[in-house]
Amino acid sequence: MLMLKGHFGVNRAGHLVVGGCDAVELVRRFGSPLYIVDEQRIRENYRRFCRAFADRWPKVMVCYAYKANSNLAVCKILQGEGAGAEVSSGYELQNALRVGVLGEKTVFNGNCKSRAELRLAISSGTLINVDSIQELRVVERVASRLGRPARIGFRVNPDIKTPTHPHIATGLRESKFGLDVASGQVMKAYRAASKMKDVQVIAIHSHIGSQILDAAPFEEEAEKLMGLVARIKKELGIPLQFVDFGGGLGIPYKPGEKGLPPEELASRVVPVIERVVKEYGIEQPTLVFEPGRYLVADAGILLTTVGYCKERPGMPDWVAADAGMNALIRPVLYGAYHHIEVANKMRAKRVRLANVAGPLCESGDFLGKGRKLPAIEPGDVLAVFDVGAYGLAMSSQHTAKPRPAMVIVNSGKTEIARLRETYEDLMRLDKIPSWLA
Ligand code: LLP
């Protein structure tokens, strides 16, 4: 039985097909390991997400979370679709500006923004979600020096439990993000900002976590954020134009796992907003969403070539591939499941139980464990699925392994979107002090 998502296929040779291209052929042409990104799939995901909300609310802004994959080609595809950008560093902001996303469609988040980053954000008209009162003061100073008002919101901590891995749950009260609601910090921050000449306070923001497949915590978030919007209007007279719900919509990683369709999410969240807007007679805000994973995760695969296979009596085989935690750290970091297939044996029977390891000298260096796979031989090409988000973006050069290349595919067309790193790239920044030379 094939366990593939609908945008993949298998050709007559029994090879995996992605974006109209034979995956085995791609490795032959571009080398291994190799990230592949399917352009059409990103477009489909974006359109579906947008439509789900735009069908239910007149003013919606979808800002792609660059941290998921800030490759310029990926950013350009989404900019072409009309997406805004959610950035969490000055360099991501530079990427957004470089691919032509307007400052007005860009949101800058983070709990430790530097003055240089703030200068770039303010001068490009980016919306800054301020994370602390101290940051607010710095924003005011930078804006007044630039002679240009800063457009800001505050990130608030909504104190919401999310059913996800603790490393990526960010809405709990103990989390480092956002201003505390219960102790009155939020109202204090809005009051302070409303008195600042060089600050326009126009937004409110929260992000409750990532890889969430349950609509309930998003509903709770909408309830809490809209409650604050109403309070800020009533008590401080500040009408907020943007309500930014962050990202977090998950995807199914395991075959057979159920996703949370964006239509269902929208149909649960938008009525909450509608109700509060009516009840308190506030103006319809622009809803901002910052999806990362949903837009790009399932558009990406990692192709890696088997070097060796070791059978062990009574235990799973150990398959050694040329990509491991250096190329994809999610399995060891979050215990994340990424589906694995043998790209050149898509129709072969799954007769072996195998652990798939990378080439690094660490026990955490694995891509998957206890997988039912066909008999594996050296030279086989493994495909690791759903790695378009937080894959290459979180890769490293551990044990001096150059990062993989990335190729964009679209209806049989291919082009390199990120070059493979070389030994020169690895060593370029190292210097031997003069007294050692
Ligand atoms: N907005 C903010 C403020 C965020 O912090 C994040 C992700 C997003 C949007 C996008 O969230 P998404 O829609 O992708 O869930 N490295 C982890 C995920 C970390 C997410 C961090 N923040 C992983 O590999 O699962």
Sequence order, segment 112-122: Karplus ³J(HN,Hα) from phi using 6.51 cos²θ - 1.76 cosθ + 1.60, θ = phi - 60°, Hz rounded, Gly and Pro as x, gives 8, 7, 7, 4, 4, 5, 5, 4, 5, 5, 5
What order do L303, L146 take when sorted by accessible area (1.4 Å probe), most exposed first?
L146, L303
What fraction of the DSSP beta bridges in the chain is antiparallel, stated in percent and rounded to the nearest 5?
45
Over the chain, what percent of the accessible surface lies on carbon and sulfur atoms, probe 1.4 Å?
52
With an 8 Å cut-off on Cα pairs and a minimum separation of 6 or more residues, tell me the relative contact order of the chain in percent.
19
Counting only protein chains, not ligands or nucleic acids, how are R151, R312 ordered by accessible area (probe 1.4 Å), most first?
R312, R151
Amide H neighbours of M325 under 5 Å, counting only residues 5+ apart in sequence or on other chains, H built in-plane at 1.01 Å?
G358, L360, F366
Fraction of antiparallel bridges per DSSP, segment 109-291 only, in percent to nearest 5:
5
Consider a paramagnetic label point 7 Å from the Cα of E44 along Cα→Cβ; state which residues of segment 16-35 have an amide N under 12 Å from it.
18-20
Roughly how many nanometres apart are two label points built 7 Å out from the Cα toward the Cβ at K369 and R51?
4.1
Taking all pairs of distinct Cα atoms, average 1/r, flip it, and tell me the Kirkwood hydrodynamic radius of segment 345-437 in Å to one decimal place.
16.7
Go ahead and run the numbers for FRET between R347 and K176, Cβ-Cβ distance against an R0 of 60 Å, rounding to 0.05.
0.80
Linear extension gain, W435 paired with L146, 0.36 nm per residue minus alpha-carbon span
99.6 nm
What share of the DSSP beta bridges in segment 320-411 is antiparallel, in percent to the nearest 5?
90
Note: E263 to I133 extended length (0.36 nm per residue) minus current alpha-carbon separation gives 43.2 nm
Of the listed pairs K59/K188; K310/K369; K233/K278, those with alpha carbons more than 18 Å apart are K59/K188
If amide H atoms are modeled at 1.01 Å from N in the peptide plane, then the residues at a separation of 5 or more from A417, or on another chain, having amide H under 5 Å from its own are M406, V407, I408
Normalised by the empirical 2.2 N^0.38 Å for globular proteins, what value does the Cα Rg of segment 109-291 take?
1.04
Rounded to the nearest 10 Å², the 1.4 Å probe accessible area of C50 is 30
For H339, list long-range residues whose amide hydrogen, built 1.01 Å from N in the peptide plane, is under 5 Å from its own amide hydrogen.
F385
HN-Hα couplings for segment 367-372 via Karplus (6.51, -1.76, 1.60; θ = phi - 60°), in whole Hz with x for Gly/Pro, come out as 9, x, 10, x, 9, 7
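For an R0 of 35 angstrom, estimate the FRET efficiency from the Cβ-Cβ distance between Q284 and I416 and round to the nearest 0.05.
The formula returns an efficiency of 0.20 here.
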Highest mean first, what order results for 61-68, 132-139, 291-298, 28-35 on Cβ atoms within 10 Å?
291-298, 61-68, 28-35, 132-139
Check the straight Cα-Cα distances from K161 and name the lysines below 19 Å, setting aside those fewer than 8 residues away within the same chain.
K176, K224
In a solvent-free Debye calculation with one equal scatterer on each Cα, what is log10 I(q)/I(0) for the chain at q = 0.08, 0.12 Å⁻¹, listed in the order of the q values?
-0.49, -1.00
For segment 138-275, the per residue accessible area (1.4 Å probe, Å²) is 43
Once you have the Cα-Cα distance between R29 and E362, take 0.36 nm times their residue separation minus that, and quote the gain in nm to one decimal.
116.9 nm
Work out from phi, with θ = phi - 60° and the Karplus expression 6.51 cos²θ - 1.76 cosθ + 1.60, the ³J(HN,Hα) of each residue of segment 144-150, listed in order in whole Hz, and give x for Gly and Pro.
5, 5, 6, x, 9, x, 8
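Keeping every protein chain in place, order Y253, Y280, Y308, Y423 by accessible area at 1.4 Å, biggest value first, i.e. largest first. If you can, show how the numbers build up before the last one.
Numbers: Y253 20, Y280 120, Y308 170, Y423 150 Å².
Result, largest first: Y308, Y423, Y280, Y253.
The values are calculated or read from the model by the stated rules, or taken from the named source; none is laboratory data. Given the structure is predicted, the values throughout are model-derived calculations rather than measurements. Quick reminder, even Gly has a Cβ in these numbers, built from the backbone with ideal geometry, and neighbours come from all protein chains shown. Ligands, DNA and RNA are excluded from the accessible area calculation, which covers all protein heavy atoms including side chains. Shrake-Rupley method; radii C 1.70, N 1.55, O 1.52, S 1.80 Å.
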